[in-house]
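Report on the following structure.
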Amino acid sequence: MIRSILISVIILIFLPLAAMAQSGETVYDGHYWQQCRPDVKHLLVNCVMEGVLLGQDRVIGYALLNNHTSIASPECQRGITGIVNTLERQIEKWDRTRFVEALDHFYDDADNRGLTIKWAVRVVMLELHGANLETLEGAPEPSQ
C-alpha cells in the first residue's frame, strides 16, 4: 500500500516535468514575448542592448588590440573607435519603455510573431530611427 502511494506521488511529481521536457526548447519569438510579464520584457530588452555593447567591446578589442598589437591601420582604428562610441551613446540614450512598447506593437501583428526577439529588436530599432521598413518586408529571417 505504501509502495503504491509512493509510486503515485513520484508519478504526479515527474509527470509535469516530463511534459515540459517533451515540449522542447523555448523559442524566443513573438508568441513568447506576448506571454511575458512587463518586467521580463524590460529584462529581455536590456539584455539585448547589453549584449550589443559587450559584442562591440570584443570586436574593438580584437581589431585594435590583438596580442597587444593592432591589426588595423591608424585610420581604421579611429573609424572603428568612432563607430563603437557612437553606438554606445545611442544605446545608452534609448528609452527602454518606449522600446518595449514598440516591440509590443510589432508583435500585435500576427505575421510578425514567428520572428525571434533578437531580429524583432533590430527591426524595431531601425523603425525607431526612421528607417523605411517596406524595404525589409519579404526579406527572410537570417538563419541562426
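Read the figures in this text as sums done on the coordinates, not as results from a lab. Just so you know, these numbers come straight off a predicted model, no measurement behind them. Please note: Cβ atoms are built from the backbone with ideal geometry, for glycine as well, and neighbour counts cover all protein chains shown.
The 3J(HN,Hα) values that the Karplus relation (6.51, -1.76, 1.60; θ = phi - 60°) gives for region 119-124 are, in residue order, 7, 5, 4, 5, 5, 5 Hz. Gly and Pro appear as x. Counting only C-alpha contacts under 8 Å and six or more residues apart, can you give the relative contact order of region 27-135 as a whole percent? Relative contact order, region 27-135: 43 percent. Karplus-derived 3J(HN,Hα) values for region 101-106, using 6.51 cos²θ - 1.76 cosθ + 1.60 with θ = phi - 60°, are 4, 5, 5, 4, 5, 4 Hz; glycine and proline are entered as x.
Rounded to the nearest 0.05, what FRET efficiency do CYS76 and LEU53 have when you use their Cβ-Cβ distance and R0 = 30 Å?
0.90
Once backbone amide H atoms are built at 1.01 Å from N, ASP29 has ILE117 as its partners under 5 Å, excluding neighbours fewer than 5 places away on the same chain.
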